[in-house]
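Enquirer: What follows is a single structure, and I will ask about it in a moment.
Derivation of every value follows stated rules applied to the coordinates shown; laboratory data play no part. These numbers were taken from a predicted model, which means no experiment stands behind them.
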Amino acid sequence: MAERLIPGGVAPDFTLKDHTGRDVSLASYRGRNTVIYFYPAASTPACAKQACDFRDSLETLRAAGYEVLGVSPDTVKDLEKFVAEESLTFPLLSDEGHHVADAYAAWGEKKNYGRTYEGLIRSTIVVDPDGKVAVAQYNVRATGHVAKLRRDLKLDK
């Protein structure tokens with residue numbers, strides 16, 4: 001597992017397929033602040049709550065100069081369905097081999113009900129316009145996370 005990213009470090013570049021099958025690369029977001037959030041599985045209650053929170057905050061985030069990308073190990077087909085189910089208005093990216101999650105230290109050991117396994121660690125990384133990590137948050141909660149992120153970014157007055 002890669003070491004956790006820290007503010008000031010360079011964000012690993014990547015290119016992944018979005019929910020429409022189109023290639024999306026982090027490099028194309030240079031010059032803008034980009035929120036990359038990693039979530040375990042499309043169409044699950046907690047992940048839907050978090051995605052809808054980002055959807056509902058997207059206008060305010062964009063007005064403040066932030067774009068949003070969601071990343072999960074789901075297939076493009078599963079992401080397409082999730083976008084339709086929840087009327088999501090930002091790209092969801094398929095990281096089936098979890099290579100990007102590995103590079104961002106968002107894949108690793110998890111514990112659930114006494115069972116230990118490898119999986120996606122719910123995480124949010126904010127990349128600044130120069131491609132550097134501005135914020136790195138790991139083991140975030142699905143519910144309330146977007147509101148906390150907005151406070152951390154000083155978007156709520």
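Enquirer: So who's got an amide H within less than 5 Å of the one on residue 135, skipping anything under 5 residues away but keeping other chains? H placed 1.01 Å off N, in plane.
Expert: Here the answer is 126, since their amide H atoms fall under 5 Å of that of residue 135.
Enquirer: Using the alpha-carbon centroid of each, what span in Å lies between segment 91-157 and segment 1-31?
Expert: One Cα centre to the other: 12 Å.
Enquirer: Here's another thing I want to ask about it. Which aspartates and glutamates, if any, have their Cα less than 19 Å from the Cα of residue 132, not counting same-chain residues under 8 positions apart?
Expert: Once the sequence-local aspartates and glutamates are set aside, what remains near residue 132 is 3, 13, 67, 102, 152.
Enquirer: On to the next question. So in segment 15-152, what percent of DSSP beta bridges are antiparallel if you round to the nearest 5? Could you put the intermediate results ahead of the total?
Expert: Values: 21 of 30 bridges.
So the antiparallel bridges amount to about 70 percent of the total.
Enquirer: In the chain, which whole DSSP H runs stretch at least 20 Å along their own axis (Cα) and average 1.6 or higher on the Kyte-Doolittle scale? Don't jump to the answer; show the numbers that get you there.
Expert: Values: long enough: 45-63 (28 Å, -0.39).
Sorted by number, there is nothing, because no helix extends far enough and scores high enough.
Enquirer: Taking springs between alpha-carbon atoms closer than 10 angstrom, which of 124, 143, 34 fluctuates most in the Gaussian network model of the chain?
Expert: Answer for the Gaussian network model of the chain: 143.
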